[in-house]
Amino acid sequence: NLYITSIFCGIMVLAATSCENLGEPQFEDDQFSSTLYLKDTGLTEIEFYNINQDLTFTTSIGKGGTAPEVLRTAAVRVFTQEELDTYNQENDMQYVALPADCYTFDKQYNFEQGIEKRDLTITLKAKIGELDTDIDYVLPLKLISDTHSVNDDKRQLIIKPNIITPQVMLRNSGLQEKLSVHSKNQYLQSATFTTMVKLGMPNNGWTFTAKLESDLDALHFLVDQYSIQTGKIYKLLPASMYTLPELTFTNVENEKELEVPIQYVEGIKEGEYLLPIVLKEIEGKPFEINNTPCYVLVDVTSEGIQVKI
């Protein structure tokens, strides 16, 4: 009887233990039943193209825990100066908070029953491209809730926009191979200088037009400057002998061929002339210009011209 009684008591103990489901956490305090967190946290660097357009960065606020169906409210705010100073000290940085007019985002977020995620959309304004590039600007954000639990490890997001200004340049620079045009033989009175105009990075859907310097005073200055540098006197090629085109890039092109036709004009004296080819401006986008010129040497002659096949 004692043996049977012992077995019966043991079965009752096991049954009672099984009913407790000790494998699942038991919380008396509601703060652990649902926790808020940011999907992206820590320092996040973003390529910010300085093209006079806003940039949108999207992440999300999540709700998890043992009872994600619980209703929750959250807010997102920018670091206080004291919090940013502490972050800089702990990470040996010298970040400066972006001016308030350089971004926008919604501050308040509600999680109704059954909603476990809300998008957090941050718009970085085009005027960021006007800021001093020697200063490391960041947008430091913090997820908070006055009444509900927030995951301490997933509540801070530091957005650092890395400002990139696309640059347009000529493939060639310096003195180019001499072109010859004949003053008498009509079949040898023209030549073409060819190079490439390049965008220094892949085209990210940008349409723009590259224009060359055509002002005669500016071109005269470049010729005089090159003459001083080389110790040889050059003359500017007469404007009647050449045409400087404009190049329009489609939204998939990052380089285009530039052809400058040169044609002898009656009355032009024989001799060597110089034509500076240099980018002047980019129309349609605030791109940087590499204004290093290339110099086309043109020989106007009545002698025999060697033609390369």
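The values are calculated or read from the model by the stated rules, or taken from the named source; none is laboratory data. Treat the numbers as computed from the prediction; the structure is a model and nothing was measured. Cβ: placed from backbone, ideal geometry, glycine included. Neighbour counts: every protein chain shown. Ligands, DNA and RNA are stripped out before the accessible areas are found, and what is left, the full protein with its side chains, is counted by its heavy atoms. Shrake-Rupley method; radii C 1.70, N 1.55, O 1.52, S 1.80 Å.
Given R₀ = 51 Å, FRET efficiency for residue 259-residue 43 by Cβ-Cβ distance, to 0.05?
0.60
Probe radius 1.4 Å, ligands and nucleic acids ignored: give me the carbon and sulfur share of the accessible area of the chain as a rounded percent.
47 percent
Tell me the relative contact order for the chain as a rounded percent, counting alpha carbon contacts under 8 Å between residues six or more apart. List each step's numbers first, then the result.
Values: 608 pairs, mean separation 59.7, N = 309.
The value is 19 percent.
If you build a Gaussian network model of the chain, linking Cα atoms that sit under 10 Å apart, which residue out of 265, 181, 96 swings the most?
Maximum among the listed residues: 265.
Among 159, 149, 176, flag the residue with its Cα farthest along the positive direction of the charge dipole of segment 127-177, charges on Cβ as +1 for Lys/Arg and -1 for Asp/Glu.
My answer, from the dipole projection, is 149.
Within straight cross-link reach of residue 232, meaning Cα distance under 14 Å, which aspartates and glutamates are found once same-chain residues fewer than 8 apart are removed?
224, 272
Choose one answer from 167, 53, 89: the residue with the largest mean-square fluctuation in a GNM of the chain with alpha-carbon springs under 10 Å.
89
Distance check, please: which entries in 235/285; 178/235; 125/160; 63/107; 107/154; 125/280 exceed 24 angstrom between their Cα atoms?
The answer is 235/285; 125/280.
Going toward the positive end of the dipole of segment 240-284, with +1 on Lys and Arg Cβ and -1 on Asp and Glu Cβ, which of 244, 275, 260 do you reach last?
Positive-most Cα among the choices belongs to 275.
Compute the distance in nm between two label points, each set 7 Å from the Cα along the Cα-to-Cβ direction, one at residue 77 and one at residue 235.
So the two model labels end up 7.6 nm from each other.
Positive end of the charge dipole of the chain (Lys, Arg +1 and Asp, Glu -1 on Cβ, about the Cα centre): tell me which of 131, 56, 206 has its Cα farthest that way.
206
Need the C-alpha centroid separation for segment 182-235 versus segment 260-309, integer Å.
So the two Cα centres are separated by 5 Å.
In segment 139-179, whose amide N lies under 16 Å from the spot 7 Å out along Cα-to-Cβ of residue 194? List them in ranges.
Only 171-172, 177-179 fall inside the zone, counting backbone N under 16 Å.
Just to be sure I understand, if you calculate percent of Cα pairs over 36 Å apart for this structure, which of (1) 16; (2) 6; (3) 52 do you get?
Computed from the coordinates, percent of Cα pairs over 36 Å apart corresponds to (3).
What percentages, rounded to whole numbers, describe P(r) for segment 220-309 computed over all alpha carbon pairs with 10 Å bin width beginning at zero?
Cα pair-distance distribution for segment 220-309, in percent: 13, 38, 32, 15, 3.
May I ask you to order 277-286, 125-134, 106-115 by the average number of other C-beta atoms within 10 Å around their residues, highest value first? Before the final figure, lay out the partial values.
Numbers: 277-286: 17.2, 125-134: 14.1, 106-115: 12.1.
Those peptides, ordered most packed to least, come out 277-286, 125-134, 106-115.
Nearest 20 debye, what's the magnitude of the dipole of the chain about its Cα centre given +1 on Lys and Arg Cβ and -1 on Asp and Glu Cβ?
980 debye
Using the 2.2 N^0.38 Å rule of thumb for compact globular proteins, work out how segment 108-208 stacks up: its C-alpha Rg over that value, please.
Details: Rg = 27.8 Å, N = 101, 2.2 N^0.38 = 12.7 Å.
Rg over 2.2 N^0.38 Å, computed on Cα atoms: 2.19.
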